[in-house]
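Have a look at the structure below, then the notes.
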Amino acid sequence: MAMTKPASRPVNPRFSSGPCAKPPVFDLAKLSDAPLGRSHRAAVGKAKLKAVIDGTREILGIPDDYRIGIVPASDTGAVEMAMWSLLGARPATMVAWESFGAGWVTDVVKQLKIEAEIKTADYGRIVDMASVDYDTDVVFTWNGTTSGVRMPNGDAIPANRAGLTICDATSAAFAQDLPWDKLDVTTFSWQKVLGGEAAHGMIVLSPRAVARLESYTPAWPLPKIFRMTKGGKLIEGIFVGETINTPSMLAVEDYLLALDWARSVGGLKGLMDRADANAQAIWNFCEATDWIANLAEDPATRSNTSVCLKFTDARIADGAGFAKAVAKRLEAEGVALDVGAYRDAPAGLRIWCGGTVETADIQAMLPWLDWAFQTEIAARADAA
Ligand SMILES: Cc1ncc(COP(=O)(O)O)c(C=O)c1O
């Protein structure tokens, strides 16, 4: 029996976990002030790049003595830059509970060949961060985008650690509280929570990270796009907007628009509230529904950005095929785009809940999820 389709649809069906939905006020025409065809080193370009750094500091509440740089190659570029520039001075601990964290483990162990203790947890779980030796350099991902499991807080990280903490916070920054005193290197990209454009990343350095950069030279060669020092001194220009290579001024303008929008919704608190409300709507749905559950086992670790879900209905034999079929139905109806689980993650769905997504759109999408599930179950029963 065909299930009736819900009467209303999300206004914006974009629930991708990256690039994420643009801010609701986005309009290409609003980027017309971008200094296109001008040098990024001209006064106008430099001012825009500095506004990116200043606005990021203001909204994220980054301490004045932390450096903030715009770097190439998005979040990946920022993480690689940090690992290649800083690691090797002392042993490392590599912590991973999903695909991106696992990628950083591979780089450190197989490419940099650094002596490292590896701590991992399966999808849905988190590593006990209190069991980590913080006299080593520790690399971890704050919000595991592919498992929907996040650090609940930074309490396990001691303030007086001897090692550095290097944190990939790309799906956490602008949605979750980051304890800057516990983080020596923090990275994120524009394309995630603020719905900016891809290709540009940001790196935030604590004074201790800068001290390491100025006192330690890695044994391996560093390509120009990773180099943050010259003659043993930090290249300060990078941290006022004199980027290592040429940025897209259109992407810069777009990020500035996103920062303005972030201010208009109440800054970081407003962004966190929006993400919390979005995620809560999905958690409530899971609570009231007996065929779907959050992949994150401990409610304290549930992500409020990349909400990952698994189907729990005993009638489903082929988990991956079923989840793909549901995602396909949602996409075909134009009610939820790009909500299939990440390719390396357990079968299921992943629904982005960062602040650029409207709660009303999540609420309008959920009845469709019910519809797609029931319709797929019925189709499989008919075929059997
Ligand atoms: C946790 C995490 N790290 C790194 C990346 C890679 O980001 P980018 O493609 O912006 O370099 C992603 C992208 O989804 C991510 O979620």
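Annotations
- Ala336 being surrounded by 21 or more Cβ atoms within 10 Å (Cβ to Cβ), more than 16 Å from the ligand (Cβ to nearest atom) and within 22 Å of Gln280 (Cβ to Cβ): yes
- Within the stretch 140-161, the set of residues being free of Cβ contacts under 8 Å to residues at least 60 places away in the same chain and among the hydrophobic types (A, V, I, L, M, F, W, C) comprises Phe140, Trp142, Ala156, Ile157, Ala159.
- Checking each residue in the stretch 148-177 for being out of contact with any strand residue (DSSP E or B) (no Cβ under 6 Å at 6 or more places or on another chain), of a type in the set (A, V, I, L, M) and either within 21 Å of Ser99 (Cβ to Cβ) or surrounded by 24 or more Cβ atoms within 10 Å (Cβ to Cβ) (or both) picks out Val149, Met151, Ala175.
- Subset of the stretch 290-320 (residues that are in a strand (DSSP E or B) and either polar (S, T, N, Q) or more than 20 Å from the chain's Cα centre (by Cα) (or both)): Ile292, Ala293, Asn294, Ser306, Lys310, Phe311
- Residue pairs meeting the criteria (Cβ under 7 Å; at least 6 apart or on separate chains; first within 17 Å of Ser17 (Cβ to Cβ), in the stretch 100-113; second within 8 Å of the ligand (Cβ to nearest atom) and part of a loop (DSSP other than H, G, I, E, B)): Phe100/Thr145; Phe100/Thr146
- Residues of the stretch 193-231 satisfying the condition of being within 25 Å of the chain's Cα centre (by Cα) and of a type in the set (Val, Ile, Thr): Val193, Ile203, Val204, Val210, Ile225
- Of all residue pairs spaced 6 or more apart or on separate chains, those with beta-carbon atoms under 7 Å, a first member in the stretch 291-311 that is within 16 Å of Ala172 (Cα to Cα) and a second member that is among the aliphatic types (A, V, I, L, M) and part of a strand (DSSP E or B) are Ala296/Val149; Thr301/Val149; Ser303/Val149; Val307/Ile351.
Residues are listed down the side, and each one gets a yes or a no for (1) surrounded by 23 or more Cβ atoms within 10 Å (Cβ to Cβ); (2) away from the ligand (no atom under 15 Å from the Cβ):
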position	(1), (2)
Ile59	no, yes
Met94	yes, no
Ser99	no, no
Val132	no, yes
Thr146	yes, no
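- Any hit, the stretch 15-30, residues being crowded, with 19+ Cβ neighbours inside 10 Å, assigned by TED's automatic domain parsing to the domain that holds Leu259, within 16 Å of the ligand (Cβ to nearest atom) and among the aliphatic types (A, V, I, L, M): no
- Residue check for Asn284: in a helix (DSSP H, G or I) and either surrounded by fewer than 16 Cβ atoms within 10 Å (Cβ to Cβ) or over 24 Å from the mean Cα position of the chain (by Cα) (or both): yes
- In the stretch 224-247 there is no residue that is surrounded by fewer than 21 Cβ atoms within 10 Å (Cβ to Cβ), among the small types (Gly, Ala, Ser) and either in contact with a strand residue (DSSP E or B) (Cβ under 9 Å, 6 or more places away or on another chain) or in contact (Cβ under 8 Å) with a residue 60 or more places away in the chain (or both).
- Only one of the numbered conditions (1) part of a helix (DSSP H, G or I); (2) under 27 Å from the mean Cα position of the chain (by Cα) is violated by Val44, and that is (2).
- For the stretch 150-197, the set of residues classified as within 11 Å of the ligand (Cβ to nearest atom) and more than 23 Å from Val71 (Cα to Cα) consists of Arg150 only.
- Candidate set from the stretch 101-130 (those that are hydrophobic (A, V, I, L, M, F, W, C) and assigned to a helix (DSSP H, G or I)); member that is farthest from the ligand (Cβ to nearest atom): Ala130
- Thr76 vs. criteria in the same structural domain as Met202 (by TED's automatic domain parsing), farther than 24 Å from Val265 by Cβ and among the hydroxyl-bearing types (Ser, Thr, Tyr): yes
- Residue match in the stretch 344-361 (condition: touching a residue at least 60 places away in the same chain (Cβ under 8 Å) and touching an Asp or Glu at 6+ places or on another chain (Cβ under 6 Å)): no
The values are calculated or read from the model by the stated rules, or taken from the named source; none is laboratory data. What you see is a predicted model, and the numbers here were worked out from it, not measured in a lab. Neighbour counts are summed over all protein chains in view; Cβ atoms, including those assigned to glycine, are modelled from backbone coordinates with ideal geometry.
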